[in-house]
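K.L.:
Supplied in structure tokens, the structure appears directly below.
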Amino acid sequence: MTAPHAIVIFAVGLVAGTVNTIVGSGSLLTFPTLLGLGYAPVLANVSNTVGLISGAVSGAIGYRRELAGQARRILALVPVLVAGTILGAVLLLELPQSAFSDVVPVLILVAVVMVVAGPLIARRRRTGEPRLHPGPLLQTGTFLTSVYGGYFGAAQGVILLGLFGITLDDDMQRLNAAKNVVAAMINAVGALFFIARTTIAWDVVGLLFAGSAIGGQLGAVVGRRLSPTVLRVVIAVVGTGVAIKLFIDP
């Protein structure tokens with residue numbers, strides 16, 4: 001690896017860690033960059049998954065104040081996210097990279113709608129008991145999102161936040177904090193599977209790991225200062241842009 005390539009990978013990892021913590025979709029920066037530098041698609045994908053773990057963990061630590069009281073909520077999702085991620089990782093090694101190309105942009109757009117419509121949905125159901133813990137809809141949605149996360153995972157944070165927003169009654173920043181932890185778990189499970197089963201570009205992993213760790217902290221600082229409305233707008237703009245890019249260039 002040349003010095004310029006190393007600088008590019010570190011820099012794009014830093015930006016991806018920041019973006020992932022605030023909204024998600026950082027892999028749409030890192031994955032194409034690795035392809036452009038000459039790495040094979042599957043090698044780039046699995047190395048990207050392993051390298052971005054630190055950003056997800058760093059972002060979750062940055063949001064630790066908002067995580068207070070959410071342990072039960074997050075732990076309830078662990079079994080489905082582990083099963084889904086492993087299934088997605090197996091599919092990555094067995095199916096062509098293009099297998100999800102048609103459905104992913106649609107999923108992201110649906111997630112954007114869920115994020116934007118979250119307050120309206122919450123107002124309409126306030127006559128009943130507040131929903132504080134995952135039910136069947138969130139469990140199923142998290143499993144399917146984890147399958148996608150194990151397979152590729154770009155904008156999985158947008159999808160998770162959309163699911164959280166329509167199924168749980170809580171502040172947007174707290175839901176974003178929970179999203180960061182769940183996304184970190186998905187990345188970690190996928191990374192362990194790939195390390196055990198396939199080849200990893202460890203030089204790439206090291207640079208992404210360092211850059212995204214710093215980016216995760218930056219993302220937490222920026223994301224926490226955004227009002228819920230602004231955060232929803234950012235998610236909607238980024239998510240829609242990601243979907244359009246995937247429609248045009250899957």
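The values are calculated or read from the model by the stated rules, or taken from the named source; none is laboratory data. Since the model is a prediction, treat every value here as computed from it, not as a measurement. For the accessible areas, the whole protein counts, side chains as well, though only heavy atoms, and no ligand, DNA or RNA atoms are used. Shrake-Rupley method; radii C 1.70, N 1.55, O 1.52, S 1.80 Å.
K.L.:
Pulled fully out, how much extra length does the chain show between Thr199 and Leu95, if you take 0.36 nm times their separation in residues and subtract their Cα-Cα distance?
P.N.:
The span from Thr199 to Leu95 would gain 35.8 nm if fully extended.
K.L.:
OK, next. When the scattering of region 129-192 is computed by the Debye formula from its Cα atoms alone, each counted once and equally, what is log10 I(q)/I(0) at q = 0.24 Å⁻¹?
P.N.:
Here log10 of I(q) over I(0) equals -1.01.
K.L.:
Please list Leu144, Leu109, Leu160 from largest to smallest accessible area, probe radius 1.4 Å, with all protein chains kept in place.
P.N.:
Descending order: Leu144, Leu109, Leu160.
K.L.:
So, one more: Enumerate the whole-percent occupancy of each 5 Å bin, from 0 to the last occupied one, for all C-alpha pair distances of region 1-104.
P.N.:
2, 10, 16, 21, 20, 15, 9, 5, 1, 0
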